[in-house]
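Quick one: this structure, given as structure tokens, is what I'll be asking you about.
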Amino acid sequence: MLISQLLTYGTTVHAKSEVVTWTGDDTRRTTFGEVGKDAARVAHALRALGVEGDDRVGTFMWNNAEHLAVYLGVPSMGAVLHAWNIRLFAEQLVYVANHGGAKVVFVDTTLLPLLLPSLPELTHLRHVVINGPVDEETRAAVSAAPHVEGLHSWSELLADYLDTFDWPEDVDENDACGLCYTSGTTGNPKGVAYSHRSNFLHSLAAVGTMNLSARDRVLLVVPMFHANAWGMPYTAMVTGMTLLMPDRFLQGDHLAAFGEAEGATFGAGVPTIWTDMLRSLDNGSRKLPLVKTLLIGGSAAAPSLIRGYWDRHGIDIMHAWGMTETSPLASAALEPPGLTRDDDEYWPYRFSQGRISAGVEARLVDDDGNVVPWDGESIGEIELRGNWITGSYLRTGGESEVDIAEMDAKFDDDWLRTGDVGRISADGYLVLTDRAKDVIKSGGEWISSVELENALMAHPDVVEAAVIGVPDDRWDERPLAAVVLAPETSLTAPALRDFLSDSFAKWQLPERWTFIDEVPKTSVGKFDKKVLRQQYADGALEVEVL
């Protein structure tokens, strides 16, 4: 089970399938067959640059056709693909790049301003390949980096090489083919190495879960550096589905325009992306009549977002759950069997994180370390193991004691401790109630920040809402609601508290409220609650106490 097998199959059987890259007002088009030829040229070029065995090759790119060619070519030649997160702070980027050890990096021209300041600190990097024009200022900056030996243009580098490559067959399917990093809570980001076998199996599982085929035209918004691009590049090789790549144009208006122009039938992205696009659809300027499903992952989607797409546009939201360590598919909210949208039980299934995927084992462990049943009521931390679930983090020998302690703490024997808290029904549907570090314990009782957030975001005048626990002299901890209001809205904290009162006990309702311009987010679009906590501790939030 090798990535080269997926590449060969996809670029032969589905040679005429398309990769369409958005330019902001037009498209660039190519085929799977041509991408396969570019992947071969990439492999030849990397061999010439000294990439051998399982050397790492980095990317610092948007979702576009060139990135796909590298995504396929690097693991197929036996090397390890390491997609660098373009949204990391400079210090984190340097750590991740050096820990991963990439010798070559492919960079989009538009991302050079983010990368060039860090180049002098990238001790393993020897070659930079730029996709796009190269100006003299860039040449000077790269030349000044003490470890870099060569600067290359994508088009010039690939022009000299054959469009076929003898993909090695002696690669072990259990060898690493890809590398992604997940954020550390107190230490540095942690590396997760994906094997050929795990990615191969994951791609097959994704095909069945998402019900994708060559008829689909998939708006791939999830970044290719985020949790293995949710396996979509490899799934495309299996199915032949058209890939609609948005490049750097990730605003809702752009995505709606791109999806409308190209007849998108499916999409994959985080909630903030689809929330922005829903606003574009709601204003009536764009329509997506062929889209049947939008996949949401990365963080929980509010029920109001799920119902908003269906009630106003007839588009299903498929809620999925996973993480970098799970490749990422662990569960997906498939259509509940035997129910229709008119049944009261239907929507709770669709609002859940979905049914545990075949090939994944899941258990719930309570605060005392006991495994609790799948009964839809018992709460515990979700622990996983399976065919594409990591069993350890990448270690190079340079990790700090904090890093090592964090790595060890993430595993319970051979089970991955996800840090998510929730319950699982007897038929395998998962409902997250919180992150273990985010759950609020007030007076000895648990309050779910996720449930409060979902309820708040169901209000038509609320754009975003995040709830955190803050210290309280009497109850140890109480919820603070941070709310982003829609423009020209005069909604008040007492009104929002009244809005919640029908769904929550009085003791669960927040007394502390703050109205902010935007909820802080991580590099992959999740609410960054540790930033909110720090802002509260620093007195940077204007808090109203009811």
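The values are calculated or read from the model by the stated rules, or taken from the named source; none is laboratory data. Note that the structure is a prediction, hence the values are computed from the model and not measured. Every residue, glycine as well, gets a Cβ built from its backbone with ideal geometry; the counts of neighbours run over all protein chains shown.
Considering only residues that are within 17 Å of Thr265 (Cβ to Cβ) and assigned to a loop (DSSP other than H, G, I, E, B), which ones fall in region 167-224?
Hits for region 167-224 are Asn211, Leu212, Ser213, Ala214, Arg215, Asp216, Val221, Val222.
For residues in region 26-53 being of a type in the set (Gly, Ala, Ser) and in a helix (DSSP H, G or I), which is farthest from His152 (Cα to Cα)? Walk me through it before giving the result.
Initially, region 26-53 is screened for residues of a type in the set (Gly, Ala, Ser), giving 33, 36, 39-40, 43, 45, 48, 50, 53.
Now restrict to residues that are in a helix (DSSP H, G or I): 33, 36, 39-40, 43, 45, 48.
Working: Gly33: 24, Gly36: 21, Ala39: 17, Ala40: 17, Ala43: 15, Ala45: 10, Ala48: 12 Å.
Restricting to residues being of a type in the set (Gly, Ala, Ser) and in a helix (DSSP H, G or I), the top hit is Gly33.
If Thr185 satisfies every condition in (1) at pLDDT 95 or above; (2) surrounded by fewer than 19 Cβ atoms within 10 Å (Cβ to Cβ) but one, which is the exception?
Among (1) at pLDDT 95 or above; (2) surrounded by fewer than 19 Cβ atoms within 10 Å (Cβ to Cβ), Thr185 violates only (1).
Here's a follow-up. Within region 489-502, does at least one residue satisfy the condition of being surrounded by 15 or more Cβ atoms within 10 Å (Cβ to Cβ) and modelled with pLDDT under 90?
no
When both residues are 6+ apart or on different chains and their Cβ atoms are under 6 Å apart, which pairs have a first residue that lies in region 479-492 and is in the same structural domain as Glu445 (by TED's automatic domain parsing), and a second that is in a strand (DSSP E or B) and basic (Lys, Arg)?
The qualifying pairs are Leu480/Arg512.
If only one of Tyr161, Tyr181 is closer than 23 Å to Glu66 by Cβ and in contact with a Pro (Cβ under 7 Å, 6 or more places away or on another chain), which one is it?
The conditions single out Tyr181.
So Val35 clears everything in (1) closer than 27 Å to Pro117 by Cα; (2) surrounded by 24 or more Cβ atoms within 10 Å (Cβ to Cβ) except one condition, right? Which one?
(1)
Now, a different point. Looking only at region 80-89, decide whether some residue is at pLDDT below 95 and either part of a helix (DSSP H, G or I) or under 17 Å from Ala45 (Cα atoms) (or both).
No, region 80-89 has no match at all.
Right, next: Please go through region 425-463 and give me each residue that is in a helix (DSSP H, G or I) and within 23 Å of the chain's Cα centre (by Cα), ordered by number.
Ser449, Val450, Glu451, Glu453, Asn454, Met457
For region 271-286, state whether one or more residues are closer than 30 Å to Gly58 by Cβ and either among the polar types (S, T, N, Q) or surrounded by fewer than 23 Cβ atoms within 10 Å (Cβ to Cβ) (or both).
Checking region 271-286: at least one residue is closer than 30 Å to Gly58 by Cβ and either among the polar types (S, T, N, Q) or surrounded by fewer than 23 Cβ atoms within 10 Å (Cβ to Cβ) (or both).
Shifting gears a bit: Any chance region 64-73 includes a residue that's touching a Leu at 6+ places or on another chain (Cβ under 8 Å), free of Cβ contacts under 8 Å to residues at least 60 places away in the same chain and buried (at least 18 other Cβ atoms within 10 Å of the Cβ)?
yes
Return the only residue of Asp25, Asp55 being surrounded by fewer than 24 Cβ atoms within 10 Å (Cβ to Cβ) and under 14 Å from Val105 (Cα atoms).
Asp55
Being in contact with a helix residue (DSSP H, G or I) (Cβ under 6 Å, 6 or more places away or on another chain) and either farther than 18 Å from Arg217 by Cα or part of a strand (DSSP E or B) (or both) is the filter here; which residues of region 253-267 pass it? Lay out the reasoning, then the answer.
Of region 253-267, the ones in contact with a helix residue (DSSP H, G or I) (Cβ under 6 Å, 6 or more places away or on another chain) are 253, 255-256.
Asp253, the sole residue that qualifies.
For region 1-25, enumerate the residues that are assigned to a loop (DSSP other than H, G, I, E, B) and at pLDDT 95 or above.
Leu2, His14, Ala15, Lys16, Ser17, Thr23
Could you look through region 358-376, keep only residues that are closer than 24 Å to Ala268 by Cα and modelled with pLDDT under 95, and pick out the one that is surrounded by the most Cβ atoms within 10 Å (Cβ to Cβ)?
The qualifying residue surrounded by the most Cβ atoms within 10 Å (Cβ to Cβ) is Gly359.
Looking at region 454-473, which of its residues are charged (D, E, K, R) and in contact (Cβ under 8 Å) with a residue 12 or more places away in the chain? Don't jump to the end; show me each part of the working.
Here is the first cut: in region 454-473, the ones charged (D, E, K, R) are 461, 464, 472-473.
Those that are charged (D, E, K, R) and in contact (Cβ under 8 Å) with a residue 12 or more places away in the chain: Asp461, Glu464, Asp472.
Name every residue in region 114-142 that is closer than 20 Å to Val57 by Cα and in a helix (DSSP H, G or I), in order of residue number.
Leu114, Leu115, Leu116, Pro117, Ser118, Leu119, Pro120, Glu121, Val142
Find all pairs meeting these conditions: Cβ atoms under 8 angstrom apart; at least six residues apart or on different chains; first residue within region 404-418 and within 18 Å of Ala330 (Cβ to Cβ) and in the same structural domain as Trp388 (by TED's automatic domain parsing); second residue aliphatic (A, V, I, L, M) and exposed (fewer than 13 other Cβ atoms within 10 Å of the Cβ).
These pairs meet every condition: Arg417/Ala409.
Right, here's the next one. Suppose we filter region 324-357 for residues that are buried (at least 17 other Cβ atoms within 10 Å of the Cβ), among the hydrophobic types (A, V, I, L, M, F, W, C) and assigned to a loop (DSSP other than H, G, I, E, B); how many remain?
Going through region 324-357 one residue at a time, the tally reaches 2.
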